[in-house]
Amino acid sequence: MGLAERILTGLGALWAHKLRTGLSVLGVVIGVAALVAIVSMIQGATAEISGQIVGLGARTITVNLYPTRVLQAGQAAGFLAEQISGELRAAAAVAEAVPISNTSGEAQVGFNQTSPLRVIGTTTDYARLFEFWPAQGRFLHPLDEGKSVMVLGARLATELLGPGEHVGRDLVVNLHNETLVFHIIGVMNPRGSVGNYDVDGQAYVPISLLQELSGNRYFSTYILQATHEGQVDEAVAQIEAILDQKFVDLTTTTATVAGRGAQQLIGAIRATTQIAPYTVQAQRELILAFEESTRTMMLILGGIAAISLLVGGIGIMNIMLVAVVERTREVGIRMATGARPGDILGQFLFEAVLVCIVGGMLGLLLGWLAGAIGARVGDWPFVLSPLPPAIAIAFSLLIGVAFGIYPAFRASRLDPVDALRHE
Amino acid sequence: MRAEKATKAYRLGEVEVWALRGVDLGVRPGDFLALTGPSGSGKSTLLHLMGGLHRPTSGRVLLEGQDISRFPRAELARLRGRKVGFVFQQFHLLPRSSAVANVALPLMYAGHPRQVRRQRALACLERVGLGPRADHRPGQLSGGECQRVAIARALACDPPLVLADEPTGSLDTKTGKEILQTFRGLVDEGRTVVVVTHEPYVAAFTQRQVRLLDGRLEDGDGTG
Ligand SMILES: Nc1ncnc2c1ncn2[C@@H]1O[C@H](COP(=O)(O)OP(=O)(O)O)[C@@H](O)[C@H]1O
Ligand SMILES: [Mg+2]
C-alpha cells in the first residue's frame, strides 16, 4: 500500500468517527499549542531582556566604587575617576575603562519653561566605547575637564532645540540646585539605544565637573571592556587585584588596625560592614545567570506543556483501544482476506500518527498565534525559532507511535475467527 | 487439501472444548464438497483449518502439499490472501467501503498496484453479475447481492480453493440456488469448492457430501 493510499484510508477511517477523532486531535492540539506558545513567548521575552543586558557585548564589565564606605574623605581623594580609569585600563586584560556618573537636571528651553534632562558625566573614551560619533562639532576632550561644556545626543538635540546647527550655542541647565550655562560643543549622530543605555537621549558633560557639582567626587561607575570575551574572568581578577591593592595602600598608610595583613583588612572590612567598597560585575555573568534562569523557566513550563501533550497521548490510546474493540470485525475481515498482523498494526498505528500530525499542525498554528498575541500584549519581539515547532511535531509524532502502538498491537494479535464473530 | 488426524480444542477458561477430535479428510482439486452435520459438530472449525484461519491443535493440514499446520501467523495470512477465498454466512463486507473496494481488499494485501486492483475487482464483480453495482455500499445491496460481492472478493486473487461457511444461510431458497449455481461455475473452472451447510438442498447440489458428528467424520474416513 502506498503512502498516499494509507493516508486516504486512514483519513477515511478517522472521518467516519468525527467526534472521536476530533477529541483525540484536540488533546494533541492543546499540548502542542501550549508547548509552542510557551517557547515562543519565553524566547521573545528573553530576546527583549537579553538585548538590554548584552548592550555593549559580553566583554563588558561594570565596576562600581564606593570608597567612602570604608575610607575617610581625605583618603578617598585617591579615587579620582580619571586616575582610576587610567589604572584600570592599564591592566593587561582590560581594553577600555570609561567612568560614568549620571544625574538628572532641567534644561531651560524658553521663558519660564524647562525640560527634564539626563546628564552623563564621562570622558572622551565614552564615544569610542559606544561607537558613536559627532554629527556636529566634537565629543568631550581631556582638555574640557572641569569646564561647563556639553555634547547633546541626536534625539535630545532635536527635542530641545529643533533641527539645525547647535554647536556654539549655550544651554542653561539646572543641576544640583545650581544654574549653569553650558557651551554646546557637539551634537552626536543617532546611535539607537545600546542595551538599556539611551545614548541618543542624553547630554554629556566632563565627569570632573559633575562630580564637583554633586559634591561626591568619589562615587563612580566604570564601564570596562575586556580585550576579548575569553579574557573576562582574567580581567575581573586583575581589576579586583588593582582595587584591593588601592584600598590596602590607602588604608594601611593610616591603619589603626595593628598586626593584620592588608588583605585580611579588606576581608574584615567586607565581613563586618557587609558592604564592599566596590563591586565588579561581568556582563557575561549577568547574561549567563539570565540565560540560566530562562532555561529553568523554559524547562518547567515546557515540562508542563509536555505533560499535557502526554495526557493527550493517553487520550489517544484510550480512544484507540475503544476503536479497536469497535472495529474488531473489520480486523477479522481484513485478516480473512489476507492482511498480515503487520498490516493491521501498521493501519492502526498510522491512524494514531495521522491524528498526532494533524493535531500537531493545528497546535503549531494555534501556538504560533498565541505566541504572536503574547508578543503584542507583552510588548516583546515575536520570536519562533524553527527548532521548537520541529520538536513539537516530532514529539507529537512520537506520542502517536508510543500511544498508538499498544492498541495497534492488540488489534494485530486478534484471532481472525474470533474477530469475525465479534458483534 | 488434506487433513490428517486434525484436532482442534478451544479453551474456555479452565474447560477445553474439543471441536474436532481427529479428522482425516482429503479433497481433490476440482472437488465440489458439502460439509454437513448438526450445529456444533465442528463444520466451521474444519473449514477454518482448511483455509488457514486457525491452526490445528494436533494433526496436520496440507494445502498443495505444504503442511500449513505450523505456519506462522504472517505466512498463514499470505496463504489466506492468495490461495483461499472465504465466503461467510454474514457476508462480512466492510460496511463503509464500496463493493469494488471490498472486492479489491485481498488484492491490496497481496500487493497489487492500485490500478490493477480496481480492474481486477471490477472484472470479478462482472463475473458475478454485479458490474453495475460496483460503487454501491453493502447497505445499498440486497442479501443475495452482498453474497455475490463476497464471492467476487473470494475470487479476486484467483485462488484454487474457495471455502464457504453456510453461504446460503441468510438467503431465501431462490437466491441460495443462484449462489450455488455460481459455485458450480467455479468448480467447472477447475477450482475446489467446499461448502458448509445443514440445508439438504445445498448438499444435494454438490458432487460429494461429508457429514460431521461431534467433531468426527460420520463414516470414519473421508480421505475418499
Ligand atoms: N472460538 C471458540 N471458542 C470456544 N468454543 C468454540 C469456538 N468456536 C467453536 N467453538 C465450539 O466448538 C464446537 C464446534 O463449533 P463449530 O465449528 O462452529 O460448529 P458448527 O460450525 O458445526 O456449528 C462447538 O461446540 C462450539 O461451541
Ligand atoms: Mg458453523
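The values are calculated or read from the model by the stated rules, or taken from the named source; none is laboratory data. Please read all numbers here as calculations on a predicted model, not as lab measurements. Glycine gets a Cβ as well: all are built from the backbone with ideal geometry, and neighbour counts include every protein chain shown. Just so you know, the surface numbers come from the protein's heavy atoms only, side chains and all, with ligands and any DNA or RNA stripped out. Shrake-Rupley method; radii C 1.70, N 1.55, O 1.52, S 1.80 Å.
Considering segment A:391-416 alone, what residues qualify as being buried (at least 18 other Cβ atoms within 10 Å of the Cβ) and within 16 Å of ligand 1 (Cβ to nearest atom)?
Residues satisfying the conditions are A:Leu414, A:Pro416.
Going by what's in this entry, would B:Arg96 be described as open to solvent by 50 Å² or more (accessible area, probe 1.4 Å), modelled with pLDDT under 95, within 10 Å of chain A (Cβ to nearest Cβ) and farther than 15 Å from A:Thr337 by Cα? Please lay out each step first, then the result.
Working: open to solvent by 50 Å² or more (accessible area, probe 1.4 Å): yes; modelled with pLDDT under 95: yes; within 10 Å of chain A (Cβ to nearest Cβ): yes; farther than 15 Å from A:Thr337 by Cα: yes.
When the stated conditions are applied, B:Arg96 passes them.
Would you confirm, using the coordinates I've provided, whether B:Val187 is away from ligand 2 (no atom under 16 Å from the Cβ) and either within 14 Å of another protein chain (Cβ to nearest Cβ) or part of a strand (DSSP E or B) (or both)?
No.
Which pairs do you get when a residue that is free of Cβ contacts under 8 Å to residues at least 40 places away in the same chain, found in segment B:12-40, comes within reach of a residue that is within 16 Å of ligand 2 (Cβ to nearest atom) and acidic (Asp, Glu), reach meaning Cβ atoms under 9 angstrom, with the pair 6+ apart or on two chains?
Between residues of segment B:12-40 that are free of Cβ contacts under 8 Å to residues at least 40 places away in the same chain and residues that are within 16 Å of ligand 2 (Cβ to nearest atom) and acidic (Asp, Glu), the close pairs are B:Gly40/B:Asp214.
Tell me yes or no: at least one residue of segment B:44-67 is more than 16 Å from ligand 2 (Cβ to nearest atom) and within 10 Å of chain A (Cβ to nearest Cβ).
Going through segment B:44-67, the residues more than 16 Å from ligand 2 (Cβ to nearest atom) turn out to be B:52, B:55-67.
So of that shortlist, the ones also within 10 Å of chain A (Cβ to nearest Cβ) come out as B:52.
Yes: one or more hits.
Taking segment B:165-198 only, how many residues are within 16 Å of ligand 1 (Cβ to nearest atom) and open to solvent by less than 50 Å² (accessible area, probe 1.4 Å)? Steps first, answer last, please.
Filtering segment B:165-198 for residues within 16 Å of ligand 1 (Cβ to nearest atom) gives B:165-170, B:194-198.
Now narrow it down to the ones that are open to solvent by less than 50 Å² (accessible area, probe 1.4 Å): B:165-169, B:194-197.
Residues meeting the conditions: 9.
Give just the number: which of (1) over 17 Å from the mean Cα position of the chain (by Cα); (2) surrounded by 17 or more Cβ atoms within 10 Å (Cβ to Cβ); (3) within 14 Å of ligand 2 (Cβ to nearest atom) does B:Phe71 not satisfy?
Only one criterion is unmet by B:Phe71, namely (3).
I need the full set of residues from segment B:159-178 which are at pLDDT below 95 and either over 25 Å from B:Pro38 (Cα atoms) or of a type in the set (Val, Ile, Thr) (or both), in order please.
B:Thr168, B:Thr173, B:Thr175
Can you tell me which residue is nearest to the chain's Cα centre (by Cα) among those in segment A:28-50 that are aliphatic (A, V, I, L, M) and within 15 Å of A:Val377 (Cβ to Cβ)? Steps first, answer last, please.
We begin by selecting, within segment A:28-50, every residue aliphatic (A, V, I, L, M); these are A:28-30, A:32-39, A:41-42, A:45, A:47, A:49.
Of the ones still in play, those that are also within 15 Å of A:Val377 (Cβ to Cβ) are A:37-38, A:41-42, A:45.
Working: A:Ala37: 17, A:Ile38: 15, A:Met41: 12, A:Ile42: 9, A:Ala45: 7 Å.
Applying the filter and picking the extreme gives A:Ala45.
In the list A:Met335, A:Met320, which residue meets the criterion of being open to solvent by less than 60 Å² (accessible area, probe 1.4 Å), away from every other protein chain (no Cβ under 14 Å) and within 30 Å of B:Gly111 (Cβ to Cβ)?
Working: A:Met335 fails: away from every other protein chain (no Cβ under 14 Å).
That would be A:Met320, the only listed residue that is open to solvent by less than 60 Å² (accessible area, probe 1.4 Å), away from every other protein chain (no Cβ under 14 Å) and within 30 Å of B:Gly111 (Cβ to Cβ).
Name every residue in segment A:131-147 that is of a type outside the set (D, E, K, R), in a loop (DSSP other than H, G, I, E, B) and over 32 Å from the mean Cα position of the chain (by Cα), in order of residue number.
As a first pass, look at segment A:131-147 and keep what is of a type outside the set (D, E, K, R): A:132-137, A:139-143, A:146.
Filter once more, so that each one left must be in a loop (DSSP other than H, G, I, E, B): A:132-133, A:139-141, A:146.
Of everything in segment A:131-147, those that are of a type outside the set (D, E, K, R), in a loop (DSSP other than H, G, I, E, B) and over 32 Å from the mean Cα position of the chain (by Cα) turn out to be A:Leu140, A:His141, A:Gly146.
I'd like the full set of residues that are away from chain A (no Cβ under 13 Å) and within 20 Å of B:Gly185 (Cα to Cα), limited to segment B:105-123.
B:Arg120, B:Leu122, B:Ala123
Kindly list the number of the only condition in (1) assigned to a loop (DSSP other than H, G, I, E, B); (2) open to solvent by less than 70 Å² (accessible area, probe 1.4 Å); (3) more than 15 Å from ligand 1 (Cβ to nearest atom) that fails for B:Ser41.
For B:Ser41, the exception is condition (3).
For segment A:338-348, enumerate the residues that are within 16 Å of A:Leu14 (Cα to Cα) and surrounded by 22 or more Cβ atoms within 10 Å (Cβ to Cβ).
Answer for segment A:338-348, where residues must be within 16 Å of A:Leu14 (Cα to Cα) and surrounded by 22 or more Cβ atoms within 10 Å (Cβ to Cβ): A:Ile344, A:Gln347, A:Phe348.
Within segment B:14-21, is there a residue that is open to solvent by less than 60 Å² (accessible area, probe 1.4 Å), over 15 Å from the mean Cα position of the chain (by Cα) and either away from ligand 1 (no atom under 12 Å from the Cβ) or hydroxyl-bearing (Ser, Thr, Tyr) (or both)?
No - not one qualifying residue is present in segment B:14-21.
Each row is one residue, and each column tells you yes or no for (1) surrounded by 18 or more Cβ atoms within 10 Å (Cβ to Cβ); (2) modelled with pLDDT of 85 or more; (3) in the same structural domain as A:Pro142 (by TED's automatic domain parsing).
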residue	(1), (2), (3)
A:Ser193	no, no, yes
A:Val205	yes, yes, yes
A:Glu229	no, no, yes
A:Lys246	yes, no, yes
A:Asp249	no, no, yes
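When you scan segment B:28-35, do you find a residue that is over 17 Å from B:Ala164 (Cα atoms) and more than 16 Å from ligand 2 (Cβ to nearest atom), even just one? Spell out how you get there, then give the answer.
From segment B:28-35, those over 17 Å from B:Ala164 (Cα atoms) are none; that's our starting set.
No, segment B:28-35 has no match at all.
I'd like to verify a number: residues in segment B:111-137 that are in contact (Cβ under 8 Å) with a residue 40 or more places away in the chain and open to solvent by 20 Å² or more (accessible area, probe 1.4 Å), how many? Steps first, please.
So in segment B:111-137, the residues in contact (Cβ under 8 Å) with a residue 40 or more places away in the chain come out as B:128, B:137.
Narrowing further to those that are open to solvent by 20 Å² or more (accessible area, probe 1.4 Å): B:137.
Of the residues in segment B:111-137, 1 are in contact (Cβ under 8 Å) with a residue 40 or more places away in the chain and open to solvent by 20 Å² or more (accessible area, probe 1.4 Å).
Taking into account only those residues within segment A:75-124 that are hydroxyl-bearing (Ser, Thr, Tyr) and in contact (Cβ under 8 Å) with a residue 60 or more places away in the chain, which is farthest from A:Asp200 (Cα to Cα)? It would help to see each step written out before you state the result.
Keep residues of segment A:75-124 that are hydroxyl-bearing (Ser, Thr, Tyr), which gives A:85, A:101, A:103-104, A:114-115, A:122-124.
Cutting the leftovers down to in contact (Cβ under 8 Å) with a residue 60 or more places away in the chain gives us A:85, A:101, A:103, A:114, A:122-123.
Values: A:Ser85: 24, A:Ser101: 17, A:Thr103: 16, A:Thr114: 19, A:Thr122: 15, A:Thr123: 17 Å.
For segment A:75-124, the residue satisfying everything is A:Ser85.
With the condition kept exactly as written, say whether any residue in segment A:381-388 is assigned to a helix (DSSP H, G or I), assigned by TED's automatic domain parsing to the domain that holds A:Leu309 and touching a residue at least 12 places away in the same chain (Cβ under 8 Å). Show your work before the answer.
We begin by selecting, within segment A:381-388, every residue assigned to a helix (DSSP H, G or I); these are A:387-388.
Filter once more, keeping what is assigned by TED's automatic domain parsing to the domain that holds A:Leu309: A:387-388.
Within this subset, residues satisfying the condition of being touching a residue at least 12 places away in the same chain (Cβ under 8 Å) are A:388.
Yes - at least one qualifying residue is present in segment A:381-388.
Which one of the conditions (1) surrounded by 18 or more Cβ atoms within 10 Å (Cβ to Cβ); (2) within 11 Å of chain A (Cβ to nearest Cβ); (3) not in a helix (DSSP H, G or I) does B:Gln90 fail to meet, given that it meets all the rest?
Single failed check for B:Gln90: (1).
Within segment B:56-68, take every residue that is of a type outside the set (S, T, N, Q) and surrounded by 17 or more Cβ atoms within 10 Å (Cβ to Cβ) and give me the one that is nearest to ligand 1 (Cβ to nearest atom). Step through it out loud before you land on a result.
If we filter segment B:56-68 for residues that are of a type outside the set (S, T, N, Q), which is where we start, we get B:56, B:59-65, B:67-68.
Now narrow it down to the ones that are surrounded by 17 or more Cβ atoms within 10 Å (Cβ to Cβ): B:56, B:59, B:61, B:63, B:68.
Numbers: B:Pro56: 13, B:Gly59: 15, B:Val61: 15, B:Leu63: 19, B:Ile68: 18 Å.
Per the criteria, the residue is B:Pro56.
Being within 14 Å of another protein chain (Cβ to nearest Cβ) and open to solvent by less than 10 Å² (accessible area, probe 1.4 Å): is that true of B:Leu25 here? Explain how you work it out, then say what you get.
Details: within 14 Å of another protein chain (Cβ to nearest Cβ): no; open to solvent by less than 10 Å² (accessible area, probe 1.4 Å): yes.
So B:Leu25 does not fit the description; no.
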